[in-house]
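What follows is one structure encoded as structure tokens, with my remarks underneath.
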Amino acid sequence: MARSKVNKGISRIDSGSTHGWFVRGYRNGKTYSKLFSDRKCGSKAKAQKLAKDYRDELNEQLEAIPKKPRQRRIVVSDSRNTTGELGVSRTTKVGPNGTRHECYSVSWRPEPGVQKCTSFSIRKYGEKKAFKLAVDHRRKMMREIHGPNFYRKLSKRKTAEA
């Protein structure tokens, strides 16, 4: 069922002994809400009108609050990771002629919505050197994106969570 824009931000609650209109608004990760009870407002229609008026007033107030820039989410662990270094994985690439190449693939996101990747051949560098090159490249890219103290801050965050 399509929702109408007339009641955007307003929900009807009929649960147990609670009957009324619930207004909700969001800004910078904070929720602003208020319930307009049918009984306290006199009727269902009066409660709905008060809820709409409050919603319009709330939206004006929320528009006046400056938006905070969203911070990028940094993933620090993943249960599927088998190399011990996020963004580095051991993969097999298949060439256009069907030949298979073992390598360590590296991926990173220089900006939201953009993903970059490269790989280091195990046949060319050997297992250990290919892995080391991949890890070093990943760390270099993360420092370029998040600053030179990225891994220092990351280790402090991990110890604070533990």
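The values are calculated or read from the model by the stated rules, or taken from the named source; none is laboratory data. Keep in mind that what you see is a predicted model, and the values were worked out from it rather than measured. Every residue, glycine among them, receives a Cβ derived from its backbone with ideal geometry; neighbour counts consider all protein chains shown. Quick note on the areas: whole protein, heavy atoms, side chains included, nothing else; ligands and nucleic acids left out. Shrake-Rupley method; radii C 1.70, N 1.55, O 1.52, S 1.80 Å.
For the stretch 110-148, the set of residues classified as closer than 15 Å to Glu85 by Cα and among the basic types (Lys, Arg) consists of Lys128, Lys129, Lys132, Arg138, Arg139, Lys140, Arg143, listed by residue number. Report, by residue number, each residue of the stretch 25-38 that is of a type in the set (Lys, Arg) and modelled with pLDDT under 95. The answer is Arg27, Lys30.
Note on the stretch 8-44: among residues that are open to solvent by 70 Å² or more (accessible area, probe 1.4 Å) and in a helix (DSSP H, G or I), the one that is farthest from Lys67 (Cα to Cα) is Arg39. Examine the stretch 58-65 for a residue that is in contact with a Lys or Arg (Cβ under 6 Å, 6 or more places away or on another chain) and under 27 Å from Lys8 (Cβ atoms), and state whether such a residue exists. Checked against the condition, which is being in contact with a Lys or Arg (Cβ under 6 Å, 6 or more places away or on another chain) and under 27 Å from Lys8 (Cβ atoms), the stretch 58-65 yields at least one hit.
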